[in-house]
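In what follows, a single structure is set out as structure tokens and then discussed.
The values are calculated or read from the model by the stated rules, or taken from the named source; none is laboratory data. For clarity, every value in this text was computed on a predicted model and none was experimentally measured. Don't worry about glycine lacking a Cβ; one is built from the backbone with ideal geometry, like all the others, and counts go over all protein chains shown.
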Amino acid sequence: MSDELSRFCPDASELLQIAVRGQHIERWTSPRASYPEGRGGYLLWRSDLAAFHARRVGEIMAGTGYGRDEISRAKMMLRKQGIKRDPEVQTLEDVACFTFLRWYFLPFAAGKTPEAMNRIVTRTARKMSAAARKRALSEFDLPASLSPAFRID
């Protein structure tokens, strides 16, 4: 995600860089399989992870001398508070989506039905800013059936 951030936003603030690096910190401690199957279980897992990542990054930042305001800001970004309204929170989400598309999309798509992939890609695109969706169309060789999800109308 750090590499993706440097491509996407080379002038990112230090706190955004920290949030990007903390997006998946110690994720292995909470495997997806430990939550119920289905969308509800998935959403609960994601919500719990966001809270965990925010808490863990806050602990690390406090231990290295960051102040309360800086820690609160990084934690807010990690909990995705202000998505679609806060440019740094939105950039964090855009970077997460680009990371998924670049590194995980093809293996993830294996074995999924076209309908399921269309749903997943549409939900991914909805989380992205208009600028990121436009950029995704030029950077990724998406199947024609999935490209409409990224179009800006």
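List of remarks:
- Of the helices (runs of 4 or more DSSP H) lying entirely inside the range 1-75, those containing at least 3 residues that are closer than 17 Å to ASP94 by Cα and in contact with a helix residue (DSSP H, G or I) (Cβ under 8 Å, 6 or more places away or on another chain) are 2-8, 14-22.
- In the set LEU101, LEU137, only one residue is surrounded by 13 or more Cβ atoms within 10 Å (Cβ to Cβ), under 14 Å from the mean Cα position of the chain (by Cα) and assigned to a helix (DSSP H, G or I); that residue is LEU101.
- Where a residue in the range 85-103 is farther than 13 Å from ALA19 by Cβ and in contact (Cβ under 8 Å) with a residue 12 or more places away in the chain and its partner, wherever it lies, is surrounded by fewer than 22 Cβ atoms within 10 Å (Cβ to Cβ) and of a type in the set (Lys, Arg), with Cβ under 7 Å and at least six apart: CYS97/LYS127
- Restricting the range 76-98 to residues that are more than 11 Å from the chain's Cα centre (by Cα) and not in a loop (DSSP other than H, G, I, E, B), the residue that is surrounded by the fewest Cβ atoms within 10 Å (Cβ to Cβ) is PRO87.
- Which listed residue, of ALA33, ALA19, ALA74, ALA51, is touching a residue at least 60 places away in the same chain (Cβ under 8 Å) and farther than 25 Å from ALA149 by Cα: ALA19
- Residue in the range 2-58 that is surrounded by the most Cβ atoms within 10 Å (Cβ to Cβ), counting only those that are aliphatic (A, V, I, L, M) and under 24 Å from ALA116 (Cα atoms): LEU49
- The set of residues in the range 120-134 being in a helix (DSSP H, G or I), surrounded by 13 or more Cβ atoms within 10 Å (Cβ to Cβ) and hydrophobic (A, V, I, L, M, F, W, C) consists of ILE120, VAL121, ALA125, ALA131, ALA132.
- Taking the conditions (1) modelled with pLDDT of 95 or more; (2) under 22 Å from ALA136 (Cβ atoms) in turn, ILE18 satisfies each one other than (2).
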